[in-house]
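Below: the structure, in structure tokens.
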Amino acid sequence: MLNKSKNTKNKTAYLILDGTTYELPVIIGSENEHAIDISKLRRETGYITFDPGYGNTGSCTSAITFVDGENGILRYRGYPIEELAAHGTFIETAYMLIFGNLPTNDQRREFHYLLCDQELLHEDLRNHFEGVPSNGHPMAILSAVINSLGCYHPDLLQIETEDEFLRAAAKIISKVRTIAAWSYRKSKGLPFMYPDPKLSYCRNFLHMMHSIPNRRYEPTDAQVKALSLFFLLHADHEQNCSCSTVRMVQSTDANLFASVSAGICALWGRLHGGANAAVIKMLEEIRDGEATINDYLERVKRKEIRLMGFGHRIYKNFDPRAEALCKATHDMLESTGHDDPLLDIAMELAEAARDDDYFTKRKLYPNVDFYSGIILRALNIPVDMFPVMFAIGRMPGWIAHWNETNTDGITRIHRPRQVYTGETSRPYVPLDLRK
Ligand code: ACO
């Protein structure tokens, strides 16, 4: 039995187990979030907690991102996502996530120079791209090459100073875009395009993706702005699966390159960063007449499938990132004079789900992945690259979380417990006696 004290100043929870009452301190966050501190529970009671999927478990304290899923609030370092989306760029957001505050003009300029300075890859790294089959998935290449960066920068495998951290962070933020673009070029059999330091972060990425030696790709300002927004909206989302993976790997004292590489692997799954590709597949099937919106909704209700791009562990009202992306998608398509029938289908599907009890009862709303694929299509990004785009955007968040665990002085190696349900002790059976 668990009782919460009424004392709001120093709250304590009381746990009564086998007739003994245990006091459990309550930790209160800066946004008045309450957590019962059970860190001494096993030592004092012999019990552990059981929370599959960790829906009720705070694994750390963190000062990076605040999400209030009930009210659709997302803030990076205190800055509301709506304000960042309206006025910010991806690079200043990345800086702010990693270093805590929006950069001054000088800091912004310095960071820009640092990123330009780091954008080339060591020529030997080209061999890594040669070593994979041409149809190799770009997420596999991205994760492997980011991890390999550690081999080229052994001085940054053990980060002790702020300057080392700054250099490592800038290397990864800058090079991830080159690696991502090259993984795509490899899959198409196209020559690698080198970064152009005269271009902004997002324009440079689109150049490496789409230019060819005898024809330069010139994206519109609206496309570049949309890409910056896409990255910005994906830049962090507190303790989601990939971020927790990065923190978990770091907790072993693993280096930054290896930790974010593990984050990329965790992001790859269909239920996380892979969802936007699944959304496009679904919308295309509806466009091509292979299924109707109603067919999809019925299959969902029969529990045969999940509606991709819907639902969220935290957001139970609306996902503010989805709202910003939906608006940006409309704006970009309008400004470029392009039309994408998939956007109309997506809007229709969202409306049908909004009117359907199955979805409203379970508080299932479009999440960020529902619209992100459409924006990426308008940037000529192929579907295989969708999770890679997510990973580029998420990199500042992963780096910030890695640094938080690396420097907080309290992180212990992450090591959850389990409730064992297997065989109890039994004797070894020699081979000739086994049935
Ligand atoms: N379509 C249909 N039903 C759903 C969906 C969905 N997308 N999501 C959840 N549900 C249903 C479940 O079947 C369950 O129903 P029940 O109570 O009848 O059993 C109920 O809603 C609660 O579902 P949970 O699995 O408990 O929700 P959880 O918080 O664990 O899952 C998740 C969150 C994984 C995002 C889920 O909503 C999902 O699978 N969505 C589709 C994939 C997707 O869009 N992922 C991207 C997430 S955002 C991101 O990673 C950036």
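The values are calculated or read from the model by the stated rules, or taken from the named source; none is laboratory data. Fair warning: this is a prediction, and the values are worked out from it, not measured in the lab. Every residue, glycine as well, gets a Cβ built from its backbone with ideal geometry; the counts of neighbours run over all protein chains shown.
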*Could you check, for the range 412-430, whether at least one of its residues is under 26 Å from the mean Cα position of the chain (by Cα) and either within 27 Å of LEU227 (Cβ to Cβ) or among the hydrophobic types (A, V, I, L, M, F, W, C) (or both)?*
yes
*helices (runs of 4 or more DSSP H) contained in the range 120-224 and holding at least 1 residues in contact with a Lys or Arg (Cβ under 9 Å, 6 or more places away or on another chain) and aliphatic (A, V, I, L, M)*: 138-152, 201-210
*asked:* Tell me yes or no: at least one residue of the range 271-283 is within 13 Å of the ligand (Cβ to nearest atom), in a loop (DSSP other than H, G, I, E, B) and not small (Gly, Ala, Ser).
replied: yes
*Residue in the range 346-360 that is at pLDDT 95 or above, more than 16 Å from the ligand (Cβ to nearest atom) and among the aliphatic types (A, V, I, L, M) present*: no
*Residue that is surrounded by the fewest Cβ atoms within 10 Å (Cβ to Cβ) [pool: residues in the range 342-362 that are assigned to a loop (DSSP other than H, G, I, E, B) and touching a residue at least 24 places away in the same chain (Cβ under 8 Å)]*: ARG362
*Report yes if some residue within the range 241-258 is within 16 Å of the ligand (Cβ to nearest atom) and under 15 Å from LEU379 (Cβ atoms); otherwise report no.*
no
*Across the range 284-315, what is the number of residues that are more than 9 Å from the ligand (Cβ to nearest atom) and assigned to a loop (DSSP other than H, G, I, E, B)?*
7
*Any residue in the range 144-164 that is within 30 Å of ASN367 (Cβ to Cβ) and surrounded by 20 or more Cβ atoms within 10 Å (Cβ to Cβ)?*
yes
*the range 152-171 residues that are within 14 Å of PHE99 (Cβ to Cβ) and free of Cβ contacts under 8 Å to residues at least 40 places away in the same chain, paired with ones that are surrounded by 18 or more Cβ atoms within 10 Å (Cβ to Cβ) and of a type in the set (Phe, Trp, Tyr) (beta carbon under 8 Å, 6 or more apart)*: none
_Go through (1) assigned to a helix (DSSP H, G or I); (2) touching a residue at least 24 places away in the same chain (Cβ under 8 Å); (3) farther than 28 Å from GLN418 by Cα for GLU31 and report which single condition fails._
(1)
*Among the residues of the range 114-135, how many are surrounded by fewer than 16 Cβ atoms within 10 Å (Cβ to Cβ) and over 13 Å from ILE173 (Cβ atoms)?*
11
*asked:* Suppose we keep only residues that are assigned to a loop (DSSP other than H, G, I, E, B) and more than 10 Å from the ligand (Cβ to nearest atom) within the range 316-331. Which one would you say is nearest to the chain's Cα centre (by Cα)?
replied: PHE318
*In the range 332-341, is there at least one residue being assigned to a helix (DSSP H, G or I), of a type in the set (Ser, Thr, Tyr) and more than 22 Å from ASN240 (Cβ to Cβ)?*
yes
